[in-house]
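Data first, discussion second: the structure below is written as structure tokens.
Coordinate-derived values only; no laboratory data. All values reported here derive from a predicted model rather than from experimental measurement. All Cβ positions, glycine included, derive from the backbone under ideal geometry; neighbour counts span all protein chains shown.
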Amino acid sequence: MFIFLIPLWSGFFLVGASAFTAAYSRLLGLRGGQTATIILRNFLGIPLFFYGFVMAFVAPAPFLFTPVTATAVIGWLLIAAGSIPFFWGHFIIGRPTHMPSVGDALVRHSLYAYVRHPIYSGGLVMLAGLSLVWPKLTFVIACLFGFIWLLIQAKLEEIDLLQRMPDYREYMKEVHSRFLPGFGKRS
């Protein structure tokens, strides 16, 4: 029943490669570091964790509660609300979201003027919504691990960003909140 954890965790681990772009670049050169990140994250990690989520979705497991219209509506509203910063954040950053490199420019405008990780914020909200829409034990566990992974990934990514972008430390002082606008002050 829990075999889905193997591709899920493997995928999370490999997607986490984006938090080591600076280290890979020191080891393999600028182009090699970027290539390693792209292959590990995009071609191995994302498909693996997606496969893990699909396995959790279809696995024979009990529902934690009987889905009703109210939980489904709330779940879909959370998914829709989380999709906005998730996709908008990708659009704002553009290519570096999937192909990070040491030469990336720091984005401080739009959503990034209020939270440092709007893409992860959206992902957290979407995972909560998915858990309400399909409250099967295995899928909720996958969503919970996804939630925890996003929290850890954001911290690891900030360590990498401090190495890749000299202005990131000042940005952290300006935008205190990692995930929620209004939690933390803006200078």
Put +1 on the Cβ of every Lys and Arg and -1 on every Asp and Glu Cβ in the chain; which of Tyr112, Gly16, Ala61 then has its Cα farthest towards the positive end of the dipole? Tyr112
Take the Cβ-Cβ distance between Ala113 and Leu30 as r, set R0 to 41 Å, and report the resulting FRET efficiency rounded to the nearest 0.05. 0.90
Mind giving me the FRET efficiency for His90 and Tyr51? R0 is 22 Å, r the Cβ-Cβ distance, nearest 0.05 is fine. 0.55
Give the residue list of chymotrypsin sites (Phe, Trp or Tyr not before Pro) in segment 26-109 that are DSSP loop and have at most 11 other beta-carbon atoms within 10 angstrom. Phe65
From phi via Karplus (6.51, -1.76, 1.60), per-residue ³J(HN,Hα) for segment 134-143 in Hz, x at Gly/Pro: 10, x, 6, 3, 5, 6, 5, 4, 4, 5
Hz values of 3J(HN,Hα) by residue in segment 20-31 - Karplus curve (6.51, -1.76, 1.60), Gly and Pro given as x: 10, 4, 5, 5, 4, 5, 5, 7, 10, x, 4, 5
From the phi of every residue in segment 33-40, what ³J(HN,Hα) in whole Hz does the Karplus formula 6.51 cos²θ - 1.76 cosθ + 1.60 yield, where θ is phi - 60° and glycine or proline is x? x, 5, 5, 4, 4, 4, 5, 5
Inter-site label distance for Trp76 and Asp167 at 7 Å from Cα along Cβ, in nm: 4.2 nm
Subtract the Cα-Cα distance of Ala105 and Leu64 from 0.36 nm times their separation in residues, and report this length gain in nm to one decimal. 10.3 nm
Determine, from the Cβ-Cβ distance of Lys155 and Met1 and an R0 of 45 Å, the FRET efficiency 1/(1 + (r/R0)^6), rounded to the nearest 0.05. 0.90
Long-range amide H partners of Lys136, meaning residues 5 or more apart or on another chain whose placed amide H is closer than 5 Å, are Leu64
Report, in debye and to the nearest 20, how large the dipole of the chain comes out about its Cα centre when Lys and Arg carry +1 and Asp and Glu carry -1 on their Cβ. 220 debye
Find how much the distance from Phe13 to Ile148 grows on full extension, using 0.36 nm per residue of separation minus their present alpha carbon separation; answer in nm with one decimal. 47.4 nm
